1. If you check Leu18, Leu63, Leu5, which single one turns out to be within 9 Å of the chain's Cα centre (by Cα), modelled with pLDDT under 95 and outside any loop (DSSP other than H, G, I, E, B)?
2. Which residue is nearest to Glu28 (Cα to Cα), if the candidates are limited to the stretch 66-97 and must be of a type in the set (A, V, I, L, M) and assigned to a helix (DSSP H, G or I)?
3. Collect the residues in the stretch 48-64 that are under 10 Å from Phe31 (Cβ atoms) and among the hydrophobic types (A, V, I, L, M, F, W, C), keeping them in residue-number order.
4. Can you tell me how many residues in the stretch 46-67 are surrounded by 15 or more Cβ atoms within 10 Å (Cβ to Cβ) and of a type in the set (Asp, Glu)?
Amino acid sequence: MLKLLLLVEKSEISNIYLTKLMAEERTEKIFALCIENKDCDDLEKRKVYQILPDEDAVKEGYLRVIDESGEDYLYPESYFIMVRLPLKAQDALLLAS
């Protein structure tokens, strides 16, 4: 029961953090590290992906991710860990995609 409670709290904290990031007027982009790709051909574990703001998706437990196809799709939030990158690293990732 305690483990389940901790998972719920972690998810709620993550949702609050994501909503705040998406609401801010920012020049920074949002990125996340993929840690799971079950049944997802267009995601690679241990790869960093750009996340697009989508508050409705976050409320439902999903992230809008630009995946290997180059398009944005919804994936479970649990498949990713949010990462904050220096602007130089963000620019490098965006140029590489």
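1. Leu18
2. Among those residues, the one meeting the criterion is Leu87.
3. Result: Val48, Ile51.
4. Count: 2.
Yes or no, residue by residue, for (1) over 20 Å from Leu85 (Cα atoms); (2) touching a strand residue (DSSP E or B) at 6+ places or on another chain (Cβ under 6 Å):
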site	(1), (2)
Lys29	no, yes
Leu33	no, yes
Asp39	yes, no
Arg46	no, no
Ala57	yes, yes
Ile66	no, yes
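Listed here are the residues, each with its yes/no results for (1) under 10 Å from the mean Cα position of the chain (by Cα); (2) free of Cβ contacts under 8 Å to residues at least 24 places away in the same chain.
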| residue | (1), (2) |
| --- | --- |
| Cys40 | no, no |
| Arg46 | no, yes |
| Pro53 | yes, no |
| Asp67 | no, no |
| Tyr75 | yes, no |
| Leu85 | no, no |
| Ser97 | no, no |
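The values are calculated or read from the model by the stated rules, or taken from the named source; none is laboratory data. Just so we're clear, the structure is a prediction, and the values are computed from it rather than from any experiment. Positions of Cβ are backbone-derived with ideal geometry, glycine not excepted, and every protein chain shown enters the neighbour counts.
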